[in-house]
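Nothing in this text is a laboratory measurement; each read-out follows from the coordinates by a stated rule. What you are looking at is a predicted structure, and each value in this text was computed from that prediction instead of being measured. Don't worry about glycine lacking a Cβ; one is built from the backbone with ideal geometry, like all the others, and counts go over all protein chains shown.
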Amino acid sequence: MKRIIFATALMCTMAMNCNAQYWQGLEYPTRDLYDTNLMMEHIRAVRETAAQRLELYNYYSNLAVEAYYNHRWVDVITYVNNAFSTDYVSGDLYFIRGFAFEQLGYTSDAKKDYKRGSKNGSMNAAMALESLKAKKKKK
């Protein structure tokens with residue numbers, strides 16, 4: 001009985017593979033791995049979207065820094081969130097957003113951003129995190 005089931009499964013698998021290759025005499029459309037035109041179009045599209053994302057990241061990060069120097073803390077958070085939505089990351093932007101959270105009284109969010117900023121190489125974020133811990137110990 002086991003041999004009959006195994007043979008039936010094997011025959012079904014072989015039949016499905018044949019049907020996948022040809023169906024009603026027509027070959028299924030397949031991707032040609034050596035079609036360089038399609039591959040080049042895909043690469044160009046990826047590069048264009050990456051360039052657009054980088055442009056948006058620079059735009060929003062510049063707005064965030066400007067809002068930081070003008071002490072507009074809510075705008076800082078909004079612009080940094082928009083900058084991070086482009087999938088680019090900067091430790092300094094984490095520091096700026098963390099400082100804005102701290103100024104608005106959201107110390108737990110500030111601590112999280114300072115940790116992320118220090119992991120991404122921001123010395124300012126590392127120093128701010130230590131300062132925040134020292135303030136907490138004094139209380």
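Here the 3J(HN,Hα) profile of the stretch 107-116, calculated from phi with Karplus coefficients 6.51, -1.76 and 1.60 at θ = phi - 60°, is 6, 5, 5, 5, 4, 4, 5, 5, 5, 5 Hz, Gly and Pro shown as x.
Taking a ≥ b ≥ c as the square roots of the Cα gyration tensor eigenvalues, the stretch 48-98 comes out prolate, since a/c reaches at least 1.5 and a/b is larger than b/c. 3J(HN,Hα) along the stretch 120-129, derived from phi through the Karplus expression 6.51 cos²θ - 1.76 cosθ + 1.60 where θ = phi - 60°, amounts to 9, x, 8, 5, 4, 5, 5, 5, 5, 5 Hz, with x in place of Gly and Pro. Loop-located chymotrypsin sites (Phe, Trp or Tyr not before Pro) across the stretch 39-101 with a Cβ neighbour count of 11 or fewer within 10 Å are lacking, with loop assigned by DSSP. Shape verdict for the stretch 64-139, please, from the Cα gyration tensor: rounded (a/c under 1.5), prolate (a/b greater than b/c) or oblate. Here the stretch 64-139 falls in the oblate category.
For Lys111, the lysines whose Cα falls under 25 Å of its own Cα, not counting residues fewer than eight places away in the same chain, are Lys119, Lys133, Lys135, Lys136, Lys137, Lys138, Lys139.
Across the stretch 50-67, coupling constants 3J(HN,Hα) worked out from phi with the 6.51/-1.76/1.60 Karplus curve, θ = phi - 60°, read 5, 5, 5, 5, 5, 4, 5, 4, 4, 4, 5, 5, 5, 5, 5, 5, 4, 5 Hz, and Gly and Pro carry x.
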